[in-house]
Structure formats: structure tokens, C-alpha cells
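Remarks on the structure that follows.
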Amino acid sequence: MERSPSQSSSDPEKHHAPSEGAKSDRSETPILVDEALEKRVWRKLDLYLLPVVAIFYLLSFLDRTNLGNARVAGLQKDLKMTNNQYSIALTVTYVPYIAAELPSNLLLKAVGPNLMLPTMLTLWGVVTTLQGVVTSYSGLLAARFFLGLLEGGVFPGLVLYLSFFYPRQRLQWRISAFFSAASLAGAFSGLLAFGIINMDGIGNKAGWSWIFILEGLFTFLFGLLSFALLPRSPTHAYFFNDEEKKYVATKLKEDGIEGRDPSIDAFSWREVGKAFMLPQIWLLTVVLFCDGTVLYALAYFSPSIVQGLGYTASRAQLMTVPPFAVAFVTATISAWISDRYRCRGAVLMFSSTMCVIGFAMFLGSTRHSVQYGSLFLSIPGTYIVAPTISTWLANNATPHTRRATAIAIGFILTNSGGILATWLLGSLSAPPRYTKATITLLVFSILMVVFSGLNWWYLWDQNRKKRVVRATMTRSQEDPTLGDRSAWFEYNL
């Protein structure tokens, strides 16, 4: 028996039988499982799958943002780059990155995530390593271009990949777990850079060169290992027995993630087009663009911002660690709250408000202690927003092709915000105050609050209308290709 998302438990960690109303138009028999099976299935996924996905994204974010650490360590000076040229180097990464996101997501299921994701990881590890041997600005541009091309499908691909395994109400904690690797990467990057730059002169290479070489080599080696670690789907998971595979497949169908008819989940250009017509996607793309700007501004420029508060280059690397460590903790806690209480919108508005307060503090004060303290609001705030909105996006679009397209659209907008961030702080706003950039980021944070609220209201109103439809017809009378437009698909708020 297939149970609609609207009837799933408020506690995603407990199994409940479908309501009587849900039985009226279904003929299948429910598969009853004991709690031991339920706990074992999700524990196995969390132990075998989640750490690998988290390391994927940690390495992706680390290898993309370590340019900021290398800049503080002397890269810009050694390559005789202007601030404009540094911004161009960052921008060159994003152009192929954005171009790769949609085709990569559409190909992921057909090619197989177990082949596609490890291949991308291994190849960008090679490119990251090669950044450490560049001797000219043009060489850096070439490396950044190929890094963006190979990494472009990673974040949307990982979000889509996890949706193959977890029902909607279990998804945010898992997405947050791997996205929290980005905040760990921010902290870890500062610690690594602090240690690695002391290798300055070894092998006649600058300290910033070793940042790229060592981090790139680790990425390459883990990429090779990951071919053996990532399963293609729940039915191919080497750590599941037949009973566990059947259970996961049933839970995904009950949750409306996989269609009752497999042909509905097959690739279709029509479904690609439908994704572009979803109001909930376009309301969230505003938030995604704004958060992308905020996220990458802080990821790329936090070492420079902290250095502008009067710290030496090596000390600035260390001082970036605490705000990112706090971001890791707060993102994990907020994800549990969001999953447990089904409150994606409320968490999104709260975390966006944290960004508003943080940027207002940085803008309104000239005291370095207050400005540094503001990072403990703006950095955790944006690192809560990102996994929350990614989950919200994935939760409210189905079938597969529509969901894959929606996720890709969202991340295209996010990384477009990243392009703006590179110019805001790289060239258009003078350090150490970064006044123009701070005002822009403050306005964007306010827009995040507003459009998150608008999306919540739209989805609430749609759910109200769907309840009316469910009271007047049976599911068998409905077009099975409606996907998330189905009256039996309740939007996640």
C-alpha cells in the first residue's frame, strides 16, 4: 500500500501505519516492519553512505575555496596579480561550474552516481594539485576553469543522490551533515593553511603552492577509493540484505519520492520544462542567489576580512576557525529541529535573520572585537540557510527528472551569487571595512527572510487547496503524472 506524504509521521524516526482515510483508494498491502529493522536500515545508511558523501563535499569546498588561504599566504603577490585579476580567477571557476550543473544532474541517474561522482572527484584532485605548480596568472586561470568544470555537478548531484536513499522527512539532517562539511572545510582550511605555509621554501616552492599540492593529492587518492564505496542505488547497496533493500524501496514510494509507475521517473524533456514552471522553485531561487552571494563572500574572503582587523597572515588563518566551528554545530542542531518538527521555512527565516544581525553589527561598528564577533552570526547563519533551502527544494519537486532539474536550477542561481561575491569583496569594496559589500550582503539577507516567508505562505496555501481536492475525489481518478502537483503530495513546509 502506498501512503501519501501528507500522512507521514511527524517523527521521521518512527514508523506508523497509514490512516484509515489513506486506505480508501489503495489496494496494496502494507509491508509491516519491526523497529529493529527500521533502525538498522537508517543506521547502515548513515554509517556507510553519509561519511563518504560528507568527505566528497568537504574536499569540494576545500579545493574550491583554498584560493582565499593561498592569497593570504602570498599567491597574489608571487603571481603579480591585481585585485581585479584575483576576482577574474574566482569568476573563471564559476562559469563552467554553473554550465555543468544541469546536464550533470540530468545524467547522474543514467550514468550512475557510483561512477560519475568518483570520476569527478578524482579528476579535480589532479587539477587542484596542478594549481600548486603554476607560475603565471594564465596558468592559474586555466586550472581554475577546469576545477569549476569538474566540480560543477557535485553539490546538486549529492543532494539528488541522497534523495535516492532517504524519505523527505529524513533528508535535511543528512544534507546538513554533509553540508556541514563545508563549515568544517572553512575551519579545517584555516588550520591546514596555518601549518602548510610553514613549508615555504621546501622543494623551492612557496607555502601557498603546498596548500594546493597536499590538499589535491588527498582528494585524488580519496577519489580512487570512492569507486568502491558509493552504491548506485538502495537496491545496489552492498551493505543491505534483500529485506532491507525492499524496505527502503517501499518507504521511498510511500513518501512520493519514487513513482508507482517506473516510467514516470524516466527522463523526459517535458518534465525538465515543468520544473521551470514551479512557483516554489522560483521563490526559492531568489533566496538561493542571495545566500550564494553571502556564502561565497564569507568562504572566500573571511581570511582577508579577519586579516583586515589587524591580525598577521598566519594568525588570520587561525582566527577564521572558531566561527566555522560554531557554524558546524548550529547547522547540525537546526537540521535536527527542521526534520523533527517539519519547519524548513521557520528555520530558514531564523537563520537568515542571523545574517541580517551579523552584517548590521559589522556595518554599524568600528570596534574590531564587535566586527569579529559579528562573524559568529553571519557565518553560522548562512551555513544553516544552505542545507535547509537545498532540502526544501528537493522535498517539493517530484518525479525524478523534475526534482533533478529543480535542484540544478537552484544551484545555478547559488553559484551565480558566487560570481557576484567575488567582485563585491575582491574589487568593488575596499578593505578593511568592505562597506559597499556589507550593505549589499545585509540587503540580500533581508530578501532571504522575505522570500522564505513568501514561499512558506505559497506552499501552505497549496496544501490547503489539496486537502479540499482529496475530500472530493479518489486518487485513482487523478492523473498519475502530476508529481508534486498531485493532491496526495503534500508540500513540506
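The values are calculated or read from the model by the stated rules, or taken from the named source; none is laboratory data. It should be emphasised that the depicted structure is a prediction, and the values quoted were computed from it without experimental measurement. Quick reminder, even Gly has a Cβ in these numbers, built from the backbone with ideal geometry, and neighbours come from all protein chains shown. Note: areas computed on protein heavy atoms with side chains; ligands, DNA, RNA excluded. Shrake-Rupley method; radii C 1.70, N 1.55, O 1.52, S 1.80 Å.
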Discussion item. Less than 23 Å apart at the alpha-carbon level, and either on another chain or at least 8 residues along: which lysines does that give for Lys245?
Written reply: Lys14, Lys39, Lys44, Lys109, Lys253
Response to the item:
Expected field for Leu482, accessible surface area in Å² at 1.4 Å probe radius, rounded to 10, holds 60 Å²
Discussion item. Need the C-alpha centroid separation for region 207-223 versus region 51-117, integer Å.
Written reply: 14 Å
Worksheet item: Tell me, what is the per residue accessible area of the chain in Å², probe radius 1.4 Å?
Response: 37 Å²
Worksheet item: Quick one: with all protein chains in place, what share of the accessible area of region 51-96 is carbon or sulfur, to the nearest percent (1.4 Å probe)?
Response: 61 percent
Worksheet entry | Accessible-area composition of region 317-434, carbon plus sulfur, in percent [1.4 Å probe] | 77 percent
Discussion item. When the expected Rg is taken as 2.2 N^0.38 Å, what fraction or multiple of it is the alpha-carbon Rg of region 402-486?
Written reply: 1.71
Item to complete: Using Cα positions and a limit of under 30 Å, work out the lysines in reach of Lys77, with same-chain residues fewer than 8 apart set aside.
Response: Lys205, Lys436
Worksheet entry | Sequence of Lys77, Lys436 when ordered by accessible area, the most exposed leading, probe 1.4 angstrom | Lys77, Lys436
Fill in: Given (1) 124; (2) 171; (3) 140, the label whose value is volume of the Cα convex hull per residue in Å³ derived from this model
(1)
Worksheet item: Tell me, what is the 1.4 Å probe accessible area of Val154, in Å² to the nearest 10?
Response: 0 Å²
Practice prompt. Could you please put Ser163, Ser138 in sequence from largest to smallest accessible area, using a 1.4 Å probe?
Written response: Ser138, Ser163
Response to the item:
region 135-256, Kirkwood Rh and Cα Rg, ratio Rg/Rh at 1.10
Worksheet item: If you project the alpha carbons of region 318-462 onto their three principal axes, what span does each projection cover, largest first, in Å?
Response: 49, 30, 29
Worksheet item: Please identify the chymotrypsin sites (Phe, Trp or Tyr not before Pro) of region 104-161 that satisfy two criteria: DSSP loop assignment and at most 11 other Cβ atoms within 10 Å. Which are they?
Response: none
Worksheet entry | About the Cα centre, charge dipole magnitude for the chain (Lys/Arg +1, Asp/Glu -1 at Cβ), debye | 660 debye
Practice prompt. For His368, tell me the accessible area in Å² from a 1.4 Å probe, rounded to the nearest 10.
Written response: 90 Å²
